[in-house]
Amino acid sequence: MNKQPWFRFYSEMLADRKIEYLCRQTGHPKALVIGIWSTILALANDSPQRGVLLLTEEIPLTIVDLARETGLNRETIENFVTELERLGMMKMHNFAYCLLNWDRRQFASDNSTDRVRAWRAQQKRNGDNTGECNDDNTDDGNVTETLQDCYSNTPETETEAETEAETEDSAAKTATPAKPPPKARRTRQKTSTPEAVKVFRANSARYPPKAWYDEIVAKVGDNPASLELWGKTVKSWVGKGWNPQNVEGMLEAYSNGGIKKRGPPGKTTNVDANIEAGKEWLKSKGL
């Protein structure tokens, strides 16, 4: 199959709800989110198998490869890919990442190279050289897309006509509806981010999962002293290299007065055990 040097990019992405969701979940601006996604689309287009992130037929692209292509760190890309999988935009299949809606948004008929080659062969068999377009710049060994400009107004196959009709129908369905009159227009009231969540963000450089917002607010509250202890707990947790997604563990450590032990909450270190044993020995001696 001939390599396709371009792919379809839809302007509706600027208002796509999944893109908005990615911005909220990752804390990245929309420009960066769209930039990462565009890079992934370009890599999938250049892949030996379009729509699958492959370097070669046998070598899949990894998180490290995506980080290098975007110029971002591995953790940022890893979190981004995780959110893409949750949204059903991408998944791992046979050790390679696949873009799930690729065939719905990119059409095989976009690549006219095979059709041009067949058309030229037919013209040669018929001995008809009329209608050739830009022939001086092409040769039979490297058929280019030059005929697409000349014949793009008329679909060359029934399949292509059906594909274009489906595309137009899809565009009509996704077209932005007319704005309602001012009286009927409803404004969505934005909810402010809880202070405890802001403190989490400030000390971990990420937002916690939204499912934990209520739990965090319920345990931490908005008292300045509580927020200060919460911030120290989160910062110490992340600084020790523990899992920054383990919000439950952070809340447990906070409830215990912060991180004081060398190990994660619930684990007793050898030092702690030795101290306790020493106390018991002194007690047995009446000291």
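Bear in mind that the values in this text are calculations on the coordinates, not laboratory data. Small disclaimer: the values here were computed from a predicted structure and weren't measured. When we count neighbours, we look across all protein chains shown, and the Cβ atoms used for this are built from the backbone with ideal geometry, even at glycine.
Here are a few things to note about the model shown:
- Two-site FRET efficiency, Ile275 against Arg74, from Cβ-Cβ distance with R₀ of 30 Å, rounded to 0.05: 0.15
- Whole-Å semi-axes of the range 11-105's equivalent ellipsoid (Cα gyration tensor): 21, 15, 12
- Note on Ala218/Met13: beta-carbon distance plugged into 1/(1 + (r/R0)^6) with R0 of 41 Å gives a FRET efficiency of 0.65.
- Taking each residue as 0.36 nm, the span from Lys240 to Ala31 lengthens on full extension beyond its C-alpha to C-alpha distance by 72.0 nm.
- Amide proton proximity set for Ala96, modelled H, under 5 Å, gap of 5+: none
- Packing-based order for 74-84, 24-34, using average beta carbon neighbours within 10 Å, highest first: 74-84, 24-34
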